[in-house]
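The next block holds one structure in the form of structure tokens; read it before the comments.
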Amino acid sequence: MSRSLTILGLETSCDETAAAVVRRLPDGTGEILSNVVFSQIADHAPYGGVVPEIAARAHIEHLDQLIVRALKEAGLDWTQLDGIAATAGPGLIGGVIVGLMTAKGIALARGLPLIALNHLEGHALTARLTHHAAFPYLLLLVSGGHSQLLIVEGVGTYRRLGTTIDDAVGEAFDKVAKLLGLEFPGGPAVEKIAEEGDPGRFAFPRPLLHRPGCDFSFSGLKTAVRQTAEAIENPSRQDKADIAASFQAAAADVLADRSTHAMQRLRAQKPPQLVLVIAGGVAANKTLRARLMQEAGKNGFECLLPPLSLCTDNGAMIAWAGAERMALGLTDGLEASPKARWPLDPAAPIARGAGIKA
Ligand code: KG4
Ligand code: ZN
């Protein structure tokens, strides 16, 4: 498609309510015209985790105002939009319904094409917005619900090389935070206290390290952390910092090892460029970013890291992926349905951490 596409994107699959306007230019580059995110952290903090029903209600309460703000900040009115994209799954179904139904209402009222998006595709294509990444590239997708290594071959074409066989890495961060008594959300809290800790104090297991393949496992690591934490009577702040730092080091080793295997797999295909992209909320972790950057360098790969605000859930990634699909003529009818489960690679065996949250 040889015209600019200006797309409104809505994200409501977890605990971030987000709306953004992104423009894709005919040369395939893009610009973010607005990107507003309302974090529901305060609503869920008293429960120490995301409560699906509270999330769905908060999306209903905030989404309309966020859409108005996103348009205002972009300096646009409804007539200047070319399409509306919304996350249609995978995720907490109540929230997904709110976002998708809002998008359908707008599509119908304004006569705009609808793009019902896979949330993971939003994460997967972000590097094309931020770095103009060319296909194919290797993607390490690490979030609260997913830990996967995929080859992104094109818009809508993803080949899974590996996935977690138990917990997602973000989930492990969140659980470690909880058992150390840190605040919600866990990932950033573990990262923060780990800065004061000794990563060498506890030799936590590195599940699947050096094993063939690209699958991950984090549940044994999480259990080891729990046993260590429980064995220390009245743990001091230093004990907690050392546990957090040792856990983070183990998680980084596992992600680096599995990604190295995946890089070797992609290299064997002799692609025109060797690129590793890291996406998803856990990609905001500075220790992991530095480690994977180093690992990519060792393997002759360029490592592309979207800015932190585009690693965690946001509307811009949904608007951008919507624009990418629309540029290829891939839009959806109003019968598009919300999906709690929606793997990116339908040919890969069903796995909990690969498009399936619970
Ligand atoms: O992609 P995302 O915003 O939502 C999902 O699609 O799941 O990822 C959220 C996950 C949470 O598990 C959160 O604890 C983790 O990303 N996370 C982090 C950091 N920031 C967010 N994990 C480690 N270090 C961080 N700085
Ligand atoms: Zn996400």
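The values are calculated or read from the model by the stated rules, or taken from the named source; none is laboratory data. Source: prediction; values computed, not measured. Backbone-built Cβ (ideal geometry, glycine too); neighbour counts: all protein chains shown. When the accessible area is computed, the model is the full protein with side chains, heavy atoms only, and any ligands, DNA or RNA have been set aside. Shrake-Rupley method; radii C 1.70, N 1.55, O 1.52, S 1.80 Å.
Some points to look at:
- Tally, over region 296-331, of residues that are open to solvent by 60 Å² or more (accessible area, probe 1.4 Å) and in contact with a Leu (Cβ under 8 Å, 6 or more places away or on another chain): 2
- Counted residues, region 21-78 - those being over 20 Å from the mean Cα position of the chain (by Cα), open to solvent by less than 70 Å² (accessible area, probe 1.4 Å) and of a type in the set (Val, Ile, Thr): 3
- Of all the listed residues (Val282, Val277, Val254), the sole one being of a type in the set (A, V, I, L, M), open to solvent by less than 10 Å² (accessible area, probe 1.4 Å), touching a residue at least 24 places away in the same chain (Cβ under 8 Å) and within 16 Å of ligand 2 (Cβ to nearest atom) is Val277.
- Some residue of region 169-187 being in contact with a helix residue (DSSP H, G or I) (Cβ under 9 Å, 6 or more places away or on another chain) and in a strand (DSSP E or B): no
- Sub-7 Å Cβ pairs linking a first residue in region 190-213 that is over 19 Å from Ala256 (Cα atoms) to a second residue that is open to solvent by 40 Å² or more (accessible area, probe 1.4 Å), at least 6 apart or interchain, are Ile193/Lys240, ordered by first then second residue.
- Entirely in region 101-155, the strands (runs of 3 or more DSSP E) that have 1 or more residues that are acidic (Asp, Glu) and more than 12 Å from ligand 2 (Cβ to nearest atom): 147-154
- His210 fulfils the conditions (1) crowded, with 20+ Cβ neighbours inside 10 Å; (2) outside the structural domain of Val51 (by TED's automatic domain parsing); (3) closer than 23 Å to Leu274 by Cα except for a single criterion, (1).
- Answer from Arg226, Arg206, Arg160 - the residue that is part of a strand (DSSP E or B) and away from ligand 2 (no atom under 16 Å from the Cβ): Arg160
- Residues within region 1-20 that are surrounded by 24 or more Cβ atoms within 10 Å (Cβ to Cβ) and away from ligand 2 (no atom under 16 Å from the Cβ), tallied: 2
- From Ala245, Ala336, Ala268, residue being more than 21 Å from the chain's Cα centre (by Cα) and either touching a residue at least 60 places away in the same chain (Cβ under 8 Å) or closer than 25 Å to Leu63 by Cα (or both): Ala336
- Taking the conditions (1) within 25 Å of Gly28 (Cα to Cα); (2) more than 16 Å from ligand 2 (Cβ to nearest atom); (3) touching a residue at least 40 places away in the same chain (Cβ under 8 Å) in turn, Gly181 satisfies each one other than (1).
- Region 174-194 - residue that is surrounded by 20 or more Cβ atoms within 10 Å (Cβ to Cβ) and near ligand 1 (Cβ under 7 Å from one of its atoms) and, of those, farthest from Asp239 (Cα to Cα): Pro185
- Region 265-358 holds helices (runs of 4 or more DSSP H) entirely within its bounds, and those carrying 3 or more residues that are within 12 Å of ligand 1 (Cβ to nearest atom) map to 286-298, 308-311.
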